[in-house]
1. For Ser115 paired with Ser97, estimate the spin-label separation in nm (one decimal), with each label point 7 Å from Cα along the Cα-to-Cβ line.
2. Which Cα, out of Ile261, Gly114, Ile68, lies furthest along the positive dipole direction of segment 67-279 (beta carbon charges, K/R +1, D/E -1)?
3. Taking the full set of protein chains and a 1.4 angstrom probe, give the accessible area of Lys243 in square angstrom, rounded to the nearest 10.
4. Quick one: of Lys109/Lys251; Lys101/Lys249; Lys101/Lys198; Lys179/Lys251; Lys145/Lys216, which pairs are farther than 32 Å apart, Cα to Cα?
5. Taking the Cα centre of segment 43-174 as origin, sum charge times position over the Cβ atoms of Lys and Arg (+1) and Asp and Glu (-1), and report the length of that vector in debye to the nearest 20.
6. Along Cα→Cβ, 7 Å out, is where each label goes; now give me the distance between the ones at Arg242 and Ser150 in nm to one decimal.
7. With label points built 7 Å along Cα→Cβ from the Cα atoms of Thr254 and Leu52, find their separation and express it in nm.
8. Can you tell me the dipole magnitude for segment 67-279 around its Cα centre, using point charges on the Cβ only (Lys, Arg +1; Asp, Glu -1), in Debye to the nearest 20?
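The values are calculated or read from the model by the stated rules, or taken from the named source; none is laboratory data. These numbers were taken from a predicted model, which means no experiment stands behind them. FYI the Cβ positions are ideal-geometry reconstructions off the backbone, even for glycines, and counts take in every protein chain you see. Heads up: the accessible areas ignore ligands, DNA and RNA and are worked out on the full protein's heavy atoms, side chains in. Shrake-Rupley method; radii C 1.70, N 1.55, O 1.52, S 1.80 Å.
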Amino acid sequence: MTTFARLRTALVAASAAGIALAAAPAGGASASAVPAAAPAAAPAASLAAARLASWPSPSGQQAVGATISVSGTYDGNLKRYYGTGALGSGGQQEGQSPLFKLADGAVLKNVILGSPAADGVHCMGTCTLQNVWWEDVGEDAATFKGTSSSQTMTIDGGGARAASDKVFQHNGPGTMVIKNFQVQNFGKLYRSCGNCSKQYKRNVVIQNVTATTPGKVLAGINTNYGDTARFSQITIVNDGSRKVVVCDKYKGVTSGEPTRIGSGADGVNCLYSSSDIVYR
(Lines give C-alpha, C1' and ligand atoms only; values in the text may rest on other atoms or scores of the structure.)
Protein backbone atom coordinates (compact mmCIF):
# COMPACT_ATOMS: atom_id res chain seq x y z
CA MET A 1 0.00 0.00 0.00
CA THR A 2 1.31 3.46 -0.88
CA THR A 3 2.07 6.07 1.78
CA PHE A 4 -0.90 8.16 0.62
CA ALA A 5 -3.27 5.19 0.82
CA ARG A 6 -2.09 4.32 4.31
CA LEU A 7 -2.62 7.92 5.46
CA ARG A 8 -6.11 8.06 3.95
CA THR A 9 -7.05 4.79 5.70
CA ALA A 10 -5.81 6.16 9.04
CA LEU A 11 -7.82 9.34 8.58
CA VAL A 12 -11.03 7.44 7.90
CA ALA A 13 -10.53 5.17 10.94
CA ALA A 14 -9.68 8.08 13.21
CA SER A 15 -12.74 10.02 12.11
CA ALA A 16 -14.96 7.08 13.00
CA ALA A 17 -13.32 6.88 16.43
CA GLY A 18 -13.73 10.63 17.12
CA ILE A 19 -9.97 11.38 16.91
CA ALA A 20 -8.41 14.25 15.02
CA LEU A 21 -5.08 13.66 13.22
CA ALA A 22 -2.31 16.18 13.15
CA ALA A 23 -1.04 16.85 9.66
CA ALA A 24 2.01 14.74 8.78
CA PRO A 25 5.19 16.45 7.73
CA ALA A 26 5.66 16.67 4.00
CA GLY A 27 6.84 13.29 2.67
CA GLY A 28 6.16 11.57 6.03
CA ALA A 29 4.72 8.08 6.11
CA SER A 30 2.45 8.46 9.15
CA ALA A 31 0.42 10.96 11.15
CA SER A 32 0.34 11.38 14.93
CA ALA A 33 -3.06 11.10 16.63
CA VAL A 34 -4.24 13.81 19.06
CA PRO A 35 -7.52 13.86 21.01
CA ALA A 36 -10.31 15.65 19.22
CA ALA A 37 -11.63 18.80 20.84
CA ALA A 38 -14.49 18.01 23.21
CA PRO A 39 -17.86 19.41 22.15
CA ALA A 40 -18.66 22.69 23.83
CA ALA A 41 -20.77 22.25 26.95
CA ALA A 42 -24.33 23.44 26.65
CA PRO A 43 -24.97 26.69 28.54
CA ALA A 44 -26.60 26.09 31.91
CA ALA A 45 -29.52 28.27 30.92
CA SER A 46 -30.33 26.04 27.96
CA LEU A 47 -30.69 22.92 30.09
CA ALA A 48 -34.26 21.72 30.43
CA ALA A 49 -35.80 22.28 33.84
CA ALA A 50 -36.05 19.19 36.00
CA ARG A 51 -39.47 17.59 36.00
CA LEU A 52 -41.63 18.83 38.88
CA ALA A 53 -43.83 16.52 40.94
CA SER A 54 -47.57 16.39 40.39
CA TRP A 55 -49.87 17.89 42.99
CA PRO A 56 -50.47 15.15 45.57
CA SER A 57 -53.68 13.80 47.01
CA PRO A 58 -53.77 13.90 50.81
CA SER A 59 -53.39 10.63 52.69
CA GLY A 60 -55.68 11.95 55.45
CA GLN A 61 -56.25 15.20 57.29
CA GLN A 62 -55.67 16.76 60.68
CA ALA A 63 -57.13 19.89 62.26
CA VAL A 64 -54.58 22.16 63.94
CA GLY A 65 -55.89 24.32 66.79
CA ALA A 66 -52.48 25.36 68.19
CA THR A 67 -49.14 25.83 66.44
CA ILE A 68 -47.12 22.62 66.01
CA SER A 69 -43.52 23.21 67.12
CA VAL A 70 -40.91 21.21 65.21
CA SER A 71 -37.32 20.41 66.11
CA GLY A 72 -35.52 17.68 64.23
CA THR A 73 -37.56 16.20 61.35
CA TYR A 74 -41.34 16.15 61.06
CA ASP A 75 -42.71 13.88 58.31
CA GLY A 76 -46.39 14.48 57.65
CA ASN A 77 -46.71 11.52 55.25
CA LEU A 78 -48.68 13.80 52.91
CA LYS A 79 -51.48 14.38 55.38
CA ARG A 80 -53.48 17.62 54.97
CA TYR A 81 -53.19 20.02 57.92
CA TYR A 82 -55.65 22.89 58.32
CA GLY A 83 -56.31 25.55 60.94
CA THR A 84 -59.17 25.53 63.36
CA GLY A 85 -60.13 27.66 66.36
CA ALA A 86 -57.65 30.54 66.69
CA LEU A 87 -55.87 29.33 63.53
CA GLY A 88 -59.02 28.96 61.51
CA SER A 89 -60.02 32.48 60.46
CA GLY A 90 -58.66 32.18 56.93
CA GLY A 91 -58.04 35.93 56.83
CA GLN A 92 -55.17 37.99 55.44
CA GLN A 93 -54.45 40.09 58.53
CA GLU A 94 -50.82 40.44 59.60
CA GLY A 95 -49.50 38.86 62.80
CA GLN A 96 -51.31 35.51 62.66
CA SER A 97 -49.73 32.44 64.21
CA PRO A 98 -48.45 29.65 61.95
CA LEU A 99 -49.59 26.04 61.71
CA PHE A 100 -45.94 24.94 62.03
CA LYS A 101 -43.04 26.66 63.82
CA LEU A 102 -39.60 25.28 62.91
CA ALA A 103 -36.67 25.56 65.29
CA ASP A 104 -33.16 26.20 63.98
CA GLY A 105 -32.07 23.08 62.09
CA ALA A 106 -35.58 21.64 61.70
CA VAL A 107 -36.93 19.82 58.63
CA LEU A 108 -40.59 19.74 57.62
CA LYS A 109 -41.39 17.23 54.89
CA ASN A 110 -44.30 15.63 53.05
CA VAL A 111 -46.97 18.01 54.36
CA ILE A 112 -50.03 19.47 52.66
CA LEU A 113 -51.39 22.69 54.13
CA GLY A 114 -55.11 22.99 53.43
CA SER A 115 -57.51 25.85 54.06
CA PRO A 116 -57.51 27.75 56.33
CA ALA A 117 -53.72 27.78 56.69
CA ALA A 118 -53.27 30.79 59.03
CA ASP A 119 -49.70 32.07 58.58
CA GLY A 120 -48.42 28.78 57.21
CA VAL A 121 -44.91 27.97 58.42
CA HIS A 122 -42.46 30.05 60.47
CA CYS A 123 -38.75 29.23 60.24
CA MET A 124 -36.75 30.50 63.23
CA GLY A 125 -33.28 29.82 61.79
CA THR A 126 -31.77 27.43 59.26
CA CYS A 127 -34.54 25.06 58.13
CA THR A 128 -35.66 22.89 55.25
CA LEU A 129 -39.13 22.48 53.77
CA GLN A 130 -39.14 19.39 51.58
CA ASN A 131 -42.14 18.42 49.45
CA VAL A 132 -44.47 20.83 51.24
CA TRP A 133 -47.66 21.93 49.45
CA TRP A 134 -50.07 24.80 50.09
CA GLU A 135 -53.53 24.27 48.58
CA ASP A 136 -54.71 27.78 49.49
CA VAL A 137 -52.13 30.18 50.93
CA GLY A 138 -53.35 32.12 53.96
CA GLU A 139 -51.54 35.25 55.14
CA ASP A 140 -48.22 33.87 53.78
CA ALA A 141 -47.16 30.33 52.93
CA ALA A 142 -43.95 30.56 54.99
CA THR A 143 -41.94 33.25 56.77
CA PHE A 144 -38.16 33.21 57.33
CA LYS A 145 -37.28 34.75 60.68
CA GLY A 146 -34.15 34.24 62.82
CA THR A 147 -31.22 36.60 63.36
CA SER A 148 -28.08 35.03 61.84
CA SER A 149 -26.64 36.25 58.55
CA SER A 150 -25.41 32.69 57.86
CA GLN A 151 -28.81 31.02 58.19
CA THR A 152 -30.46 29.40 55.17
CA MET A 153 -34.06 28.46 54.55
CA THR A 154 -34.41 25.89 51.78
CA ILE A 155 -37.70 25.11 50.05
CA ASP A 156 -37.11 22.02 47.91
CA GLY A 157 -40.02 20.66 45.92
CA GLY A 158 -43.70 21.23 46.54
CA GLY A 159 -45.94 24.04 45.40
CA ALA A 160 -48.41 26.75 46.36
CA ARG A 161 -51.74 27.95 45.01
CA ALA A 162 -54.03 30.91 45.58
CA ALA A 163 -51.69 33.39 47.27
CA SER A 164 -53.47 36.73 47.03
CA ASP A 165 -50.33 38.47 48.30
CA LYS A 166 -47.01 36.79 49.14
CA VAL A 167 -45.99 33.14 49.09
CA PHE A 168 -42.63 33.40 50.90
CA GLN A 169 -41.83 36.28 53.27
CA HIS A 170 -38.23 36.96 54.34
CA ASN A 171 -38.00 38.96 57.58
CA GLY A 172 -34.67 37.88 59.09
CA PRO A 173 -31.24 37.96 57.46
CA GLY A 174 -29.60 35.13 55.51
CA THR A 175 -30.45 33.30 52.31
CA MET A 176 -33.65 31.70 51.11
CA VAL A 177 -33.42 29.01 48.43
CA ILE A 178 -36.55 28.13 46.45
CA LYS A 179 -35.97 25.24 44.08
CA ASN A 180 -37.93 22.56 42.22
CA PHE A 181 -41.12 24.44 43.10
CA GLN A 182 -44.34 25.40 41.36
CA VAL A 183 -46.67 28.30 42.05
CA GLN A 184 -50.09 29.12 40.61
CA ASN A 185 -52.33 32.17 41.02
CA PHE A 186 -50.07 34.35 43.15
CA GLY A 187 -49.16 37.91 44.05
CA LYS A 188 -45.43 37.63 44.82
CA LEU A 189 -43.51 34.38 45.06
CA TYR A 190 -40.87 35.99 47.32
CA ARG A 191 -40.62 39.28 49.19
CA SER A 192 -37.78 40.63 51.28
CA CYS A 193 -39.53 42.54 54.06
CA GLY A 194 -40.06 46.09 52.91
CA ASN A 195 -40.77 47.72 56.26
CA CYS A 196 -39.54 45.50 59.10
CA SER A 197 -38.47 47.50 62.17
CA LYS A 198 -35.03 45.87 61.86
CA GLN A 199 -33.71 45.47 58.34
CA TYR A 200 -30.96 43.24 56.94
CA LYS A 201 -29.23 42.33 53.74
CA ARG A 202 -31.12 39.32 52.36
CA ASN A 203 -30.48 36.93 49.48
CA VAL A 204 -32.78 34.65 47.53
CA VAL A 205 -31.93 31.93 45.00
CA ILE A 206 -34.84 30.82 42.78
CA GLN A 207 -34.04 27.76 40.68
CA ASN A 208 -36.15 25.39 38.59
CA VAL A 209 -39.45 27.08 39.38
CA THR A 210 -42.60 27.03 37.26
CA ALA A 211 -44.96 29.96 37.76
CA THR A 212 -48.43 29.80 36.23
CA THR A 213 -50.48 32.95 35.81
CA PRO A 214 -52.37 34.78 37.10
CA GLY A 215 -49.32 36.08 38.91
CA LYS A 216 -47.56 39.40 39.47
CA VAL A 217 -43.96 39.18 40.70
CA LEU A 218 -41.41 36.42 41.24
CA ALA A 219 -39.23 38.36 43.70
CA GLY A 220 -39.27 41.75 45.39
CA ILE A 221 -36.02 42.90 47.04
CA ASN A 222 -34.64 45.98 48.81
CA THR A 223 -31.63 47.20 46.88
CA ASN A 224 -30.76 49.86 49.46
CA TYR A 225 -29.92 47.08 51.94
CA GLY A 226 -27.87 45.14 49.39
CA ASP A 227 -30.39 42.35 48.73
CA THR A 228 -29.73 39.96 45.85
CA ALA A 229 -32.04 37.68 43.85
CA ARG A 230 -30.62 35.01 41.53
CA PHE A 231 -32.78 33.19 38.99
CA SER A 232 -32.20 30.13 36.81
CA GLN A 233 -34.39 27.60 35.00
CA ILE A 234 -37.54 29.69 35.41
CA THR A 235 -40.65 28.79 33.42
CA ILE A 236 -43.58 31.21 33.26
CA VAL A 237 -46.81 29.72 31.91
CA ASN A 238 -49.65 31.55 30.14
CA ASP A 239 -48.01 34.97 30.13
CA GLY A 240 -47.96 35.86 26.45
CA SER A 241 -47.92 39.58 27.20
CA ARG A 242 -44.95 39.21 29.62
CA LYS A 243 -46.73 40.90 32.51
CA VAL A 244 -45.14 38.86 35.30
CA VAL A 245 -42.24 40.84 36.76
CA VAL A 246 -39.18 38.68 37.40
CA CYS A 247 -37.44 41.00 39.87
CA ASP A 248 -38.90 44.11 41.50
CA LYS A 249 -36.59 46.58 43.26
CA TYR A 250 -37.60 48.63 46.29
CA LYS A 251 -36.15 51.13 48.71
CA GLY A 252 -36.91 49.42 52.01
CA VAL A 253 -37.74 51.27 55.22
CA THR A 254 -38.06 50.57 58.95
CA SER A 255 -41.43 52.31 59.20
CA GLY A 256 -44.03 53.42 56.71
CA GLU A 257 -44.18 51.92 53.25
CA PRO A 258 -41.30 50.95 50.92
CA THR A 259 -40.91 52.66 47.55
CA ARG A 260 -40.72 50.70 44.32
CA ILE A 261 -37.74 52.03 42.36
CA GLY A 262 -37.53 49.75 39.32
CA SER A 263 -37.33 46.21 38.03
CA GLY A 264 -35.28 43.95 35.80
CA ALA A 265 -31.82 42.40 35.64
CA ASP A 266 -28.96 44.73 36.58
CA GLY A 267 -25.98 42.45 37.29
CA VAL A 268 -25.83 43.65 40.91
CA ASN A 269 -29.06 42.94 42.76
CA CYS A 270 -31.35 41.23 40.22
CA LEU A 271 -29.18 38.51 38.71
CA TYR A 272 -30.39 36.68 35.61
CA SER A 273 -30.24 36.77 31.84
CA SER A 274 -33.05 36.44 29.30
CA SER A 275 -32.07 32.81 28.69
CA ASP A 276 -32.83 31.99 32.34
CA ILE A 277 -36.53 32.76 31.77
CA VAL A 278 -38.65 30.56 29.50
CA TYR A 279 -42.24 31.36 28.53
CA ARG A 280 -44.73 28.72 27.44
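1. Computed distance between label sites Ser115 and Ser97 equals 2.3 nm.
2. Working it through, the farthest residue towards the positive pole turns out to be Ile261.
3. 150
4. Flagged as over cut-off: Lys109/Lys251.
5. Charge dipole, segment 43-174, about its Cα centre: 280 debye, nearest 20.
6. Roughly 4.2 nm, to one decimal.
7. Label-label distance for Thr254 and Leu52, simple model: 3.8 nm.
8. Values: 20 positive and 16 negative charges, 50 e Å.
Magnitude of the dipole: close to 240 debye.
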